[in-house]
Amino acid sequence: MKLLKNYINGAWVPALSGKTRNIINPATGEIIALATDSDQKDAQAAIAAAKESFYGQGEWRRMNAQARADILFGIADAIAAKRDEIAQLDTINNGKPLREAEGDIDDAIHCFRYYAGLITKPYGGVYDVNDGFGPMHSYTVQEPVGVCGQITPWNYPFLMAVWKLAPALAAGNSIVFKPASITPLSTVALFEIFADSPLPRGCVNLVLGSGATVGQELAQNKDVDIITFTGSTEVGQSIAHAAVGNLKKVGLELGGKSPNIIFADADFEGAIEWAMIGIFLNQGEVCAAGSRIIIEESLKDKFIKRLVERAQAITIGNGLQNPDMGPLVSKEHMEKVLQYIATGQEEGATLVCGGNRYTKGNCAKGYFVEPTIFTDCTSQMTIVKEEIFGPVVTVQTFQTEEEAIALANDTIYGLAGAVFTTDGARALRVVKEIRAGITWINCYNPTFNEAPWGGYKMSGYGRDLGVQGLEEYQQTKQINIALNPGPIGWYQN
Ligand code: TAP
């Protein structure tokens, strides 16, 4: 079986320790690849390569924006040429239905093109400043931050990598990238494309290994100038702590427990379909998932009946066969989700749909969980408070708009939220009150390369995507020029 290796300083290398890890297909439980299992030493070698690339050789950061953009457009084209192959890798490694994986790769191609285009647009400022020190001209430029450490989760292996790599490269940084240790396949394919591109040696480095070793080293190493992370809130907190050593810049895209508020006047079938997309897309392994349905009391019974009907009709199976839902990403994660379902029942929520591991047909050896719906939920319940990261939704009810908003905001998280109503003024009022970084009206989940993505509260800080996604990887330099180079007569003698 082929060994997936690290890509450090322009060469494919195994971990110094020689350790490896089995990579599993969650639909079958089969080993599909062997990945090198790196530790701190490998991470340090990659950081040294990125440091030399940025501060030593400096080719990438000094390259003009148009030349950098041309290379990134070439990378986008190379991804497009391998689009189907990469989508299959994400499906067999993560489990997601193939059509969803294909959508991820299409988004990733556009993400590279978006940042390749953006980096050549005018940016910075020119300031009309006072002449207290003689006539001056003042302007700013955006410069790359330096050596970037980037860490991503397993739920969108390819797309989360590109959300971070494309803007960081566009800005001219040098990077050490660590994907989730259980889903490296499509990231290795991306780095094969990098290896075949004209990117200078050492400006992108890949280290495969665990968060506790490689991830921790990226967060604490003083030669890393910025760490950007997508993952759980708990790990995000530990990264923020570790980053204090050299006060590196930190960007955190963390977990969520997002409210989906549905008023009785909403378009009924529309709200049902979007609620399903909100919680069952990608098996519910979505940071912004609409995992708390908050519905107007008068619509509750009709809504739940229809939601259960639709959820029970969801097809489950191997992602390659394009079912509605594939397996969860791993056995451990499936067990965690099933444990949450058991806790929900113990704490008194009513299970009205699903709740079990799914083992029918060819799913017996995979890590499938049925679409699961709990009603009669309260804000005190564990399943309402904690992120489950699976196809499990809770339902709470409200009678007034104020009550809906209070329930929506009764969470430590603030990643996303939605409101469904045909009353336009109410939609705008409610969405303004939701304390979250991403909100939707009469839809759930659409995400765009052009618009910034990130959370409030314990869902983190910083933004991926959009202009702000580029600014994460830049710092502003002010340049002041004395228009009269002679003495200004400041001192009396
Ligand atoms: P985590 O367990 O937090 O892992 C994310 C990444 O961090 C993995 O690469 C992991 O490595 C690494 N890591 C683990 N411990 C670390 C440490 N001490 N120091 C540095 N890195 C460490 O999350 P997950 O289970 O993969 O993904 C699910 C979580 O990601 C959910 O909370 C979800 O909401 C969040 N998420 C958020 C977003 C956005 S945009 N806000 C998007 C997707 C997912 P290993 O693979 O070795 O564990």
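Only the coordinates and a few stated rules stand behind these numbers; no lab work does. The structure presented is a predicted model; accordingly, all values stated were derived computationally and were not measured. We place every Cβ from the backbone using ideal geometry, glycine too, and count neighbours over all the protein chains shown.
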- Gain in length, Val244 to Asn64, computed as 0.36 nm per residue apart minus the alpha-carbon separation, to one decimal in nm? 61.6 nm
- Note on the structure: If amide H atoms are modeled at 1.01 Å from N in the peptide plane, then the residues at a separation of 5 or more from Ala418, or on another chain, having amide H under 5 Å from its own are Asn260, Ile261, Trp440
- Query: Nearest 10 degrees, 0 to 90: what angle lies between the long axis of helix 83-94 and the longest principal axis of the chain (Cα atoms)?
  - Reply: 60 degrees
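Using the per-residue mean of other Cβ atoms lying within 10 Å as a proxy for protection, in what order, highest first, do the peptides 199-209, 59-69, 219-229 fall?
On the way: 199-209: 25.0, 59-69: 16.0, 219-229: 22.7.
Ranking, from highest mean packing down: 199-209, 219-229, 59-69.
What is the stretch 1-146's relative contact order, in percent, from Cα pairs under 8 angstrom and six or more apart in sequence?
Values: 161 pairs, mean separation 26.7, N = 146.
Contact order relative to length: 18 percent.
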- Task: Specify the inter-centroid distance of the stretch 299-330 and the stretch 405-445, based on alpha-carbon positions, in whole Å.
- Result: 24 Å
- Note on the structure: For Cys353, the residues 5 or more places away or on another chain with a placed amide H closer than 5 Å to its own amide H are Ile373
- Query: So which lysines can Lys5 reach, going by Cα to Cα under 17 Å and dropping same-chain residues fewer than 8 places off?
  - Reply: Lys19, Lys41, Lys178
- Note on the structure: Applied in sequence order to the stretch 279-294, the curve 6.51 cos²θ - 1.76 cosθ + 1.60 (Karplus, θ = phi - 60°) yields integer Hz couplings, x standing for Gly and Pro, of 10, 9, 4, 6, 6, x, 8, 10, 4, 8, 3, x, 8, 10, 7, 10
- Item | Reach of Lys477 by Cα under 20 Å, taken over lysines that are not fewer than 8 positions away in the same chain | Lys121, Lys248, Lys249
- Task: Work out how much length Asp77 to Glu273 would gain on full extension: take 0.36 nm times their residue separation and subtract the Cα-Cα distance, in nm to one decimal.
- Result: 67.2 nm
- Can you list residues whose amide H is under 5 Å from Tyr456's amide H, if they're 5+ apart or on another chain and H is modeled 1.01 Å from N? Gly414, Leu415, Gly437
- Can you run phi through the Karplus equation (6.51, -1.76, 1.60; θ = phi - 60°) for the stretch 452-460 and list ³J(HN,Hα) in whole Hz, with x for Gly and Pro? x, 10, x, x, 9, 6, 7, 8, x
- Query: Residue-wise, which Karplus ³J(HN,Hα) couplings in Hz belong to the stretch 470-475, taking 6.51 cos²θ - 1.76 cosθ + 1.60, θ = phi - 60°, and x for glycine or proline?
  - Reply: 6, 4, 4, 9, 10, 10
- Note on the structure: With label points set 7 Å from each Cα along the Cα-to-Cβ direction at Ala425 and Asn493, the distance between them in nm comes to 7.4 nm
- Task: Taking a cut-off of 16 Å between Cα atoms, list the aspartates and glutamates near Lys331, but don't count ones fewer than 8 places away on the same chain.
- Result: Glu30, Glu285, Glu370
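Which of the pairs Lys51/Lys164; Lys257/Lys336; Lys336/Lys457; Lys385/Lys457; Lys336/Lys385; Lys336/Lys365 have their Cα atoms more than 21 Å apart in this structure? Working shown, then result.
Values: Lys51/Lys164 18 Å; Lys257/Lys336 16 Å; Lys336/Lys457 25 Å; Lys385/Lys457 14 Å; Lys336/Lys385 15 Å; Lys336/Lys365 17 Å.
Violating the 21 Å limit, Cα to Cα: Lys336/Lys457.
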- Would you mind checking the tilt of helix 300-312 against the longest principal axis of the Cα atoms of the chain, expressed as 0 to 90 degrees and rounded to 10? 80 degrees
- Query: Do you know the relative contact order of the chain, to the nearest whole percent, from alpha carbon pairs under 8 angstrom that are 6+ apart?
  - Reply: 18 percent
- Principal-axis tilt of helix 424-433 within the chain, Cα atoms, nearest 10 degrees: 70 degrees
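Order these peptides, 270-282, 11-23, 79-91, by their mean beta-carbon neighbour count within 10 angstrom, highest first. The partial results should precede the final answer.
Numbers: 270-282: 21.9, 11-23: 15.8, 79-91: 19.1.
Packing proxy ranking, top to bottom: 270-282, 79-91, 11-23.
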- Query: When the distances between all Cα atoms of the stretch 259-441 are binned every 5 Å from zero, what whole-number percent does each bin get?
  - Reply: 1, 8, 18, 22, 21, 15, 8, 4, 2, 0, 0
- Pulled fully out, how much extra length does the chain show between Leu34 and Glu143, if you take 0.36 nm times their separation in residues and subtract their Cα-Cα distance? 35.4 nm
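With runs of 4+ DSSP H residues as the only contributors, calculate the mean residue ellipticity of the chain at 222 nm using -39,500 (n - 2.57) per run, divided by the residue total and rounded to the nearest 500. Could the numbers behind the result be given before it?
Numbers: 16 runs with 177 residues, N = 493.
It comes out at -11000 deg cm²/dmol, rounded to the nearest 500.
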- Note on the structure: Here the relative contact order (percent) of the stretch 259-441, from C-alpha pairs under 8 Å and at least 6 apart, is 29 percent
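Using R₀ = 56 Å, calculate the FRET efficiency as 1/(1 + (r/R₀)^6) where r is the Cβ-Cβ separation of Asn362 and Asp128; round to 0.05. If you can, show how the numbers build up before the last one.
Details: r = 69 Å, r/R0 = 1.24.
The formula returns an efficiency of 0.20 here.
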- Task: Have a look at Leu185, Leu281, Thr447 and report the one farthest towards the positive end of the charge dipole of the chain, computed about the Cα centre with Cβ charges (Lys/Arg +1, Asp/Glu -1).
- Result: Leu185
